[in-house]
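Undergrad: Take this structure, written in structure tokens, and hold onto it; I'll ask about it next.
Just so it is clear, none of the values below were taken in a lab; they were calculated from the coordinates. Since we're looking at a predicted model, the values are computed, not measured. Virtual Cβ from ideal backbone geometry, glycine too; neighbours counted across all protein chains shown.
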Amino acid sequence: MAKLQFTVGGVDYPAEHTKKALEFIGKRWRKNARISLKMQGRINTGALYNSMKVFVGANQHAMYVNITPQVDYWEYVDKGVQGASKNIFTKQSDSPFKFGKSAGKERSANGLRSAIDRWTVQKNIQGTRDAQGRFVPRESIVFAISGAVWHRGLKPTLFISGTWKRLRIKALNMLALALGNDMADAIKQSLQKNPNLEVE
């Protein structure tokens with residue numbers, strides 16, 4: 001991974017203003033994403049909520065900030081999943097994921113049922129009584145929930161993509177200012193050493 005720096009006149013100068021701006025943007029983005037999860041009631045074990053770490057870095061193309069959650073299901077929570085039969089939620093049809101077959105990948109009913117089974121255990125759901133007073137075991141509840149989710153899909157939260165979209169303009173303006181300040185500092189320091197500077 002490349003360092004956050006500029007090269008002016010063959011000399012590397014740290015991009016301190018840009019680094020601070022990216023760190024600020026990352027923390028604000030993460031805060032907004034966590035608020036979004038809370039407001040939508042999408043915190044269960046806290047694994048997704050706590051897995052968002054602010055990471056600032058650079059590659060051969062650009063400097064960047066990343067808060068991608070470190071759990072493999074985060075995109076399903078963010079973009080939602082289209083139902084096998086119908087879509088009833090806003091933006092659900094935009095999701096690249098779908099129960100059944102999507103982009104050559106199978107979203108199995110068994111896998112969904114296993115996930116919901118774990119969720120009911122975490123929520124300590126033991127069973128309930130139906131309208132006739134008959135006891136309904138947890139396994140039957142899992143089966144019913146799985147069937148409903150399979151056909152209707154999962155509602156998108158947009159906790160990552162939506163919060164970035166709302167933050168994007170402010171973030172780009174902040175970065176433009178920071179990049180300008182870093183470049184000005186680098187050129188000023190380079191001029192003090194070599195009047196005939198060359199910017200790379």
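Undergrad: Residue separation times 0.36 nm, minus the C-alpha to C-alpha distance between Thr68 and Ser140: what's the value?
TA: 22.4 nm
Undergrad: At Asn50 and Ala148, where each label point lies 7 Å from the Cα along Cα→Cβ, what is the point-to-point distance in nanometres?
TA: Roughly 2.9 nm, to one decimal.
Undergrad: Where a Cα-Cα gap under 30 Å defines reach, which lysines qualify for Lys3, not counting those fewer than 8 residues away within the same chain?
TA: List returned: Lys19, Lys20, Lys27, Lys31, Lys53, Lys165, Lys170, Lys188, Lys193.
Undergrad: If you don't mind, another one. Can you check what the net charge comes to around Leu175, using other residues whose Cβ is under 14 Å from the Cβ of Leu175 (Lys, Arg +1; Asp, Glu -1)?
TA: +2
Undergrad: For the pair Lys91 and Leu167, what calculated FRET efficiency results from E = 1/(1 + (r/R0)^6), where r is the Cβ-Cβ distance and R0 = 25 Å, to the nearest 0.05?
TA: Details: r = 18 Å, r/R0 = 0.72.
Step by step, r from the Cβ atoms, then E = 0.90.
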